[in-house]
């Protein structure tokens with residue numbers, strides 16, 4: 001999009017940070033919307049160093065003639081006054097504040113100008129628009145004496161930066177329930193001047209103090225697109241000396257309590273009784289609402305932190321118990337040579353983790369089946385060969401639930417005549433502990449062809465709380481009739497809710 005009249009003014013404040021400011025200016029030059037003018041405020045920095053940094057940046061075609069206004073201040077006037085002087089020097093309809101270490105998506109200006117023009121007919125008091133923001137972690141590295149910026153990736157931001165409200169609510173903003181950085185917004189220049197600009201007394205959070213006042217008169221609409229990038233240095237929390245290079249908004253050397261409270265709406269009765277009563281009353285109502293919401297937010301946050309701490313403690317205990325369980329399970333080894341193994345759990349699972357929904361009576365993993373009266377919702381299996389743990393989740397075991405492993409081909413009707421019998425090894429673990437039974441389940445038919453079912457060789461086992469159990473069962477071929485089929489039944493506890501059977505290994509071998 002190309003317009004003949006510049007509608008957008010961009011104030012860039014800098015001081016002795018040539019590496020950053022050149023990146024910010026390049027971000028402006030890359031905009032798809034070209035109707036902009038930049039006012040670069042050199043707030044007491046070295047003009048010669050800035051000249052050297054900009055020599056290849058601000059020349060045409062990136063910066064057409066007249067598109068850059070530069071103000072070199074002999075003495076630093078501070079962040080607030082530097083911005084205000086930039087606003088006064090511009091003659092554009094809108095103004096943006098691009099800090100010298102931040103950047104924009106190439107469509108930032110085009111998207112916001114179009115968004116303002118579409119929204120203004122619906123909201124006469126629209127004073128500006130903003131996009132969503134992405135936080136970028138970066139570090140400064142020196143190689144062969146040359147300093148450069150290394151991008152480390154995205155960094156998380158508090159939830160208030162991701163709210164989906166269309167208009168920024170004054171109370172939500174005052175109480176930190178909705179937040180913005182200056183890099184995100186584009187405001188009407190006349191509205192910025194009317195609101196008084198950035199307050200001179202602030203050397204941090206000046207944008208918050210300004211926007212709190214601005215929102216009492218004007219609306220600010222939020223475009224649901226991440227088009228702004230707020231860059232943050234990884235070493236900023238150690239910067240107690242306010243390094244020019246590392247300086248960022250969360251520098252710990254600033255007096256946050258002072259400026260945070262100064263930025264809020266004042267909750268005081270006006271001394272001048274002749275003041276505009278409706279306006280004064282409206283301001284007090286907004287201030288009271290903001291104060292109440294802030295107190296509720298603080299109380300809710302305190303409760304949340306307490307609950308979150310409790311949750312973290314519980315999760316830590318669970319992690320330690322799970323680690324202990326895994327460790328105790330590794331103490332048990334099924335010492336059967338590979339050539340004697342007839343079937344094993346992990347070769348049936350494969351090399352990658354698997355997980356799927358189970359059905360009662362539906363075979364899985366070649367030879368396994370879950371014996372239950374019906375299939376309850378949430379009957380799941382997950383097996384991870386890397387962790388050597390398969391989890392069978394049963395929401396309700398009810399009257400009967402058993403994991404059954406078919407022994408056909410080794411015992412019963414189709415058994416190998418040379419096979420004397422089979423050995424079954426099972427390793428299970430559990431945090432709470434439980435009792436379970438293993439038995440040989442035999443299906444046979446009598447002389448009249450009627451089907452009969454029975455259990456033999458039943459044994460009860462204990463899986464200790466926070467430990468593991470290794471069960472070994474031996475079944476001679478002679479214990480199963482030639483016309484029968486056989487299964488190993490692992491009968492689970494009855495009437496157990498949310499039961500999880502954790503199996504670390506299951507092996508069938510010859511004896």
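The values are calculated or read from the model by the stated rules, or taken from the named source; none is laboratory data. A quick note: this is a predicted structure, and the numbers were derived from the prediction, not measured. Cβ: placed from backbone, ideal geometry, glycine included. Neighbour counts: every protein chain shown.
Summary of computed values
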{"quantity": "Complete set of residues in segment 417-436 that are loosely packed, with under 13 Cβ neighbours inside 10 Å and under 35 Å from the mean Cα position of the chain (by Cα)", "calculated": "432"}
{"quantity": "Listing of strands (runs of 3 or more DSSP E) fully contained in segment 76-177 that carry 1 or more residues being over 18 Å from residue 7 (Cα atoms) and in contact with a helix residue (DSSP H, G or I) (Cβ under 9 Å, 6 or more places away or on another chain)", "calculated": "126-143, 146-155"}
{"quantity": "Hey, residue 352 surrounded by fewer than 17 Cβ atoms within 10 Å (Cβ to Cβ) and assigned to a loop (DSSP other than H, G, I, E, B) or not", "calculated": "yes"}
{"quantity": "Residues that are crowded, with 21+ Cβ neighbours inside 10 Å and closer than 20 Å to residue 23 by Cβ, drawn from segment 187-228", "calculated": "227, 228"}
{"quantity": "In segment 466-492, residue farthest from residue 431 (Cα to Cα) [restricted to those that are modelled with pLDDT of 90 or more and surrounded by fewer than 16 Cβ atoms within 10 Å (Cβ to Cβ)]", "calculated": "476"}
{"quantity": "Residue among 25, 54 that alone is in contact with a strand residue (DSSP E or B) (Cβ under 9 Å, 6 or more places away or on another chain) and modelled with pLDDT under 95", "calculated": "54"}
{"quantity": "Segment 188-199, residues that are under 14 Å from residue 88 (Cα atoms) and not in a helix (DSSP H, G or I)", "calculated": "188, 195, 196, 197, 198"}
{"quantity": "Scope segment 7-35; condition surrounded by fewer than 21 Cβ atoms within 10 Å (Cβ to Cβ) and more than 33 Å from the chain's Cα centre (by Cα); matching residues", "calculated": "7, 15, 16, 18, 34, 35"}
{"quantity": "Positions within segment 28-43 being modelled with pLDDT of 95 or more and out of contact with any helix residue (DSSP H, G or I) (no Cβ under 8 Å at 6 or more places or on another chain), in sequence order", "calculated": "28, 29, 30, 37"}
{"quantity": "Matching option when the condition is part of a loop (DSSP other than H, G, I, E, B), without any contact (Cβ under 8 Å) to a residue 60 or more places away in the chain, in the same structural domain as residue 211 (by TED's automatic domain parsing) and buried (at least 16 other Cβ atoms within 10 Å of the Cβ), among 69, 57", "calculated": "57"}
{"quantity": "Some residue of segment 107-119 being touching a residue at least 60 places away in the same chain (Cβ under 8 Å), within 20 Å of residue 206 (Cα to Cα) and crowded, with 16+ Cβ neighbours inside 10 Å", "calculated": "no"}
{"quantity": "Set 377, 363: member being under 31 Å from the mean Cα position of the chain (by Cα) and surrounded by fewer than 17 Cβ atoms within 10 Å (Cβ to Cβ)", "calculated": "377"}
